[in-house]
Amino acid sequence: MSHHDERTFVMVKPDGVQRGLIGEIVSRFEERGLKLVGGKFMRIDEALAHDHYGEHEDKPFFDGLVEFITSGPVFAMVWEGADATRQVRAMVGETDPAESAPGTIRGDFGLDLGHNVIHASDHEDEGANEREIDLFFDEDELVDYGLDTAAWVYEDEQH
Ligand code: IDP
Ligand code: MG
């Protein structure tokens, strides 16, 4: 069971919220078999934006990125499942929607690098998922429960 409990941080960005894509995006992860363990509709302040995107501080697009991510509400989530971080990134697509395959979230809903609809923890950045979860959620905001469908998603999960 333990290999089914990897957690990853996902966030519908302000463009995704404004375009009414929260439900569609949540549905995709639900349908994949992932388990929602946390969700928060919120506005990101300047300090959180700097913490979250700290790795990009020196990039020319940083100021615009902070301005964009603080410009309207976001929907932050934590999803759990086997290999969750890598699997979610595959569902999200490439950073640039124009380079993202149809069927991915960015490939289906975006056309512009600066407005790419969704954030997800980078599976190639060790510990990014846990770091980002800690940044956005208190421990008591993550809900511990069993998902009854798990036995149908995972062959080795018990009914
Ligand atoms: P990721 O979101 O796919 O992990 P990162 O390289 O971590 O991509 O960049 C973080 C975010 O910064 C991207 O999702 C995108 O919104 C923005 N971004 C990245 N590169 C550029 C750029 O060259 N111009 C404008 N915005 C960018
Ligand atoms: Mg990234």
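Entry comment: accessible area of the chain is 56 Å² per residue, from protein heavy atoms only and a probe of 1.4 Å.
Sorted largest first by accessible area at a 1.4 angstrom probe radius, with every protein chain in place, the residues Asp5, Asp140, Asp15 fall in the order Asp140, Asp5, Asp15.
Give a quick list of trypsin sites (Lys or Arg not before Pro) in the stretch 12-83 that DSSP marks as loop, anything other than H, G, I, E or B, with at most 15 other Cβ atoms within 10 Å. Mind showing how you got there, number by number?
On the way: sites: Arg19, Arg28, Arg32, Lys35, Lys40, Arg43; in loops: Arg19, Arg43.
Hits after loop and neighbour filter: Arg19, Arg43.
The fraction of accessible area contributed by carbon and sulfur in the chain is 47 percent, rounded to a whole number (1.4 Å probe; ligands and nucleic acids excluded).
Is the C-alpha gyration tensor of the stretch 84-145 telling us rounded, prolate or oblate? Criteria: a/c under 1.5 is rounded; beyond that, a/b larger than b/c is prolate, otherwise oblate.
On the way: a/c = 2.24, a/b = 2.17, b/c = 1.03.
The shape class here is prolate.
Look at where the Cα atoms of the stretch 25-40 and of the stretch 107-159 average out, and the two centres are 8 Å apart. Scaled to the globular estimate 2.2 N^0.38 Å, the Cα spread of the chain, given as radius of gyration, is 1.03.
How about Lys59: which lysines have a C-alpha closer than 22 Å to its C-alpha, ignoring those fewer than 8 places off in the same chain? Output for Lys59: Lys13.
Here the peptides 76-88, 146-158 are ranked by packing, the mean other Cβ count within 10 Å, and the order with the highest first is 76-88, 146-158. Only helical runs count toward this figure. For the chain, summing -39,500 (n - 2.57) over DSSP H runs of n ≥ 4 and dividing by all residues gives -9500 deg cm²/dmol at 222 nm. Within the stretch 1-43, list the residues whose amide N lies under 14 Å from a label point set 7 Å along Cα→Cβ of Asp156. Those under the cut-off are 1-6.
In terms of the Cα gyration tensor, with a ≥ b ≥ c the square roots of its eigenvalues, is the stretch 21-87 rounded because a/c is under 1.5, prolate because a/b exceeds b/c, or oblate? Intermediate values should be presented prior to the final figure.
Values: a/c = 2.53, a/b = 1.83, b/c = 1.38.
Since a/c reaches 1.5 and a/b is larger than b/c, the shape of the stretch 21-87 is classed as prolate.
The values are calculated or read from the model by the stated rules, or taken from the named source; none is laboratory data. Please read these numbers as outputs of a predicted model, since none were measured by experiment. Cβ coordinates were reconstructed from backbone atoms using ideal geometry, including for glycine residues, and neighbour counts include every protein chain displayed. Surface areas here come from the heavy atoms of the whole protein model, side chains and all, with no ligands, DNA or RNA. Shrake-Rupley method; radii C 1.70, N 1.55, O 1.52, S 1.80 Å.
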